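S.K.: My questions will all concern the structure given below.
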């Protein structure tokens, strides 16, 4: 297996290389960071629905749609990406997705530990610290005849830009996205109190991968290969690929595995009701840890929104049968007025349709 | 029948990449096996072929995302796509909940029924599944 320790590469190219290596069936470990920031969306994501395209255009942030799954991510030079490419027929390496995550997450976990940060792999695809905060995300794909496993070491992270990039239904919730990211996502810099040395992270990561992958042969990208990679980059930048997925309204934003912000809205007779719910566990049946309701409906007194309605829902399981009686109790209380809105409307605004 | 905790209905044919085939005349209904969905975990997205598309046996006809991994969907037989399950596209978790029923993926009019010989059925399917469990489910 080859080792391509590429340090920094031009933004899009840094993410195209592993796609081209996989297409060509080259087994390799790639270590790379983008020279300049970019936004990467998952293969199944609809860029129009997931990304604030006006913002990224005005900020000069290029958009890339990877052939790997997952959500929208902000990438920059403070993240060191590892990409493992191997033939599906090579029995030396994991043959199932589950095995790939378990086996290939070990090297980045051990690399963190060598810096004094205890990190473990948490199913399905997160690296988390002892206190459960995400410090790395992983993903993968079958590309050509290869299995491709990717992830990153977060030396540092720009929470502000990431929270600004996501397209959300109501700008008032931007701060909630930022706070949720900051609370649930950590970095090496935050854990260590200082930015680690890039070279040291690269070296340790490679050494740990060698223990699992076996000896790695150092290699460099040839001019011919780079030409082919550039051609693939042009293909992947074509609007029909970049914006190739069409989905409905944006309805959730994954913060980390098992924690999602879920957006809902419903037009009741009494006005539009919008919700943002922080849900731990599965989207259906998980616990609503926090909730904010907004819209142009009338509720008097206004304070009963937080103290009455939202409080009646927070802490409950996100299931209609559990929420209905809680909301109904609030709606039936005599010390408030909410014309044109009934319990079913709130259920609908929470995104819990029949 | 059930093999090592994985459902494997007797009346179906099985492709090595864990897709099942139910034959009705020359029309094949295709879905993912119980083994596939259990090992892959929650299926979050599916990209399926379009009606009228023609494929050869073992061709990649679509993609599936489970746990941030984008995998491939193969055609177990050569033929023309006649129907796509739009319900499973809208709600991919159907393929987890009911892989051999409402979670079917697509139907295909097979052009060469002799290709069924390349799939597993009955005793051969049982042996294949036992080997897959030994290799992949540990």
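S.K.: State the number of residues belonging to region A:130-160 that are more than 16 Å from residue A:40 (Cβ to Cβ), without any contact (Cβ under 8 Å) to a residue 60 or more places away in the chain and within 14 Å of chain B (Cβ to nearest Cβ).
M.R.: 1
S.K.: Go through (1) away from chain B (no Cβ under 14 Å); (2) buried (at least 17 other Cβ atoms within 10 Å of the Cβ); (3) more than 30 Å from residue A:170 (Cα to Cα) and name the single condition residue A:22 misses.
M.R.: Checking residue A:22 against (1) away from chain B (no Cβ under 14 Å); (2) buried (at least 17 other Cβ atoms within 10 Å of the Cβ); (3) more than 30 Å from residue A:170 (Cα to Cα), the one that fails is (1).
S.K.: A further question follows. With closer than 27 Å to residue A:184 by Cβ, more than 14 Å from chain B (Cβ to nearest Cβ), touching a strand residue (DSSP E or B) at 6+ places or on another chain (Cβ under 8 Å) and not in a helix (DSSP H, G or I) as the only criterion, which of A:127, A:61, A:29 stands out?
M.R.: On inspection, the qualifying residue turns out to be A:61.
S.K.: If I filter region B:44-57 down to residues being in contact (Cβ under 8 Å) with a residue 24 or more places away in the chain and assigned to a loop (DSSP other than H, G, I, E, B), which single residue comes out as nearest to the other protein chains (Cβ to nearest Cβ)?
M.R.: B:48
Here's the yes/no breakdown for (1) touching a residue at least 40 places away in the same chain (Cβ under 8 Å); (2) within 14 Å of another protein chain (Cβ to nearest Cβ):
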| position | (1), (2) |
| --- | --- |
| B:20 | yes, no |
| B:42 | yes, yes |
| B:71 | no, yes |
| B:82 | yes, no |
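S.K.: I would also like to ask the following. Give region A:85-122 a look and list any residue that's more than 13 Å from chain B (Cβ to nearest Cβ), surrounded by fewer than 20 Cβ atoms within 10 Å (Cβ to Cβ) and not in a loop (DSSP other than H, G, I, E, B), or say none.
M.R.: Passing the criteria: A:87, A:106, A:109, A:110, A:113, A:114, A:120.
S.K.: Criterion first (within 12 Å of chain A (Cβ to nearest Cβ) and modelled with pLDDT of 95 or more) does residue B:133 satisfy it?
M.R.: no
Results for (1) part of a loop (DSSP other than H, G, I, E, B); (2) under 18 Å from residue B:110 (Cβ atoms), shown as yes or no for each residue.
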residue: B:65; (1), (2): no, no
residue: B:70; (1), (2): no, no
residue: B:77; (1), (2): yes, yes
residue: B:80; (1), (2): no, yes
residue: B:92; (1), (2): yes, no
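S.K.: Here's another thing I want to ask about it. Quick one: in region A:67-84, of everything that is more than 14 Å from chain B (Cβ to nearest Cβ) and in a strand (DSSP E or B), which residue is farthest from residue A:187 (Cα to Cα)?
M.R.: A:82
S.K.: Filter region A:323-353 for residues that are free of Cβ contacts under 8 Å to residues at least 24 places away in the same chain and exposed (fewer than 15 other Cβ atoms within 10 Å of the Cβ); which is nearest to residue A:268 (Cα to Cα)?
M.R.: Among them, the one singled out is A:353.
S.K.: Test each condition in (1) surrounded by 14 or more Cβ atoms within 10 Å (Cβ to Cβ); (2) within 30 Å of residue B:45 (Cβ to Cβ) for residue A:285 and report the one that comes out false.
M.R.: Looking at each condition in turn, residue A:285 falls short on (1).
S.K.: Given the criteria without any contact (Cβ under 8 Å) to a residue 60 or more places away in the chain, more than 19 Å from residue B:22 (Cβ to Cβ) and more than 10 Å from chain A (Cβ to nearest Cβ), does residue B:90 qualify?
M.R.: It is false that residue B:90 is without any contact (Cβ under 8 Å) to a residue 60 or more places away in the chain, more than 19 Å from residue B:22 (Cβ to Cβ) and more than 10 Å from chain A (Cβ to nearest Cβ).
S.K.: Conditions: (1) in a loop (DSSP other than H, G, I, E, B); (2) within 14 Å of chain B (Cβ to nearest Cβ). Residue A:49 meets all but one. Number of the miss?
M.R.: Failed condition: (1).
S.K.: Ok, one more. Please state which one of B:125, B:110, B:28, B:95 is surrounded by 20 or more Cβ atoms within 10 Å (Cβ to Cβ) and closer than 30 Å to residue A:84 by Cα.
M.R.: Checking each option against the conditions leaves just B:95.
S.K.: A further question follows. If residue A:15 passes every condition in (1) outside any helix (DSSP H, G or I); (2) within 20 Å of the chain's Cα centre (by Cα); (3) away from chain B (no Cβ under 14 Å); (4) buried (at least 22 other Cβ atoms within 10 Å of the Cβ) but one, which one does it miss?
M.R.: (1)
S.K.: From the list A:318, A:306, A:274, pick out the single residue that is out of contact with any helix residue (DSSP H, G or I) (no Cβ under 8 Å at 6 or more places or on another chain), closer than 25 Å to residue A:178 by Cβ and in contact (Cβ under 8 Å) with a residue 24 or more places away in the chain.
M.R.: A:318
The values are calculated or read from the model by the stated rules, or taken from the named source; none is laboratory data. This structure is a prediction, so every number in the text was calculated from the model and none was measured. As a convention, Cβ positions derive from the backbone with ideal geometry for all residues, glycine included, and neighbour counts pool all protein chains shown.
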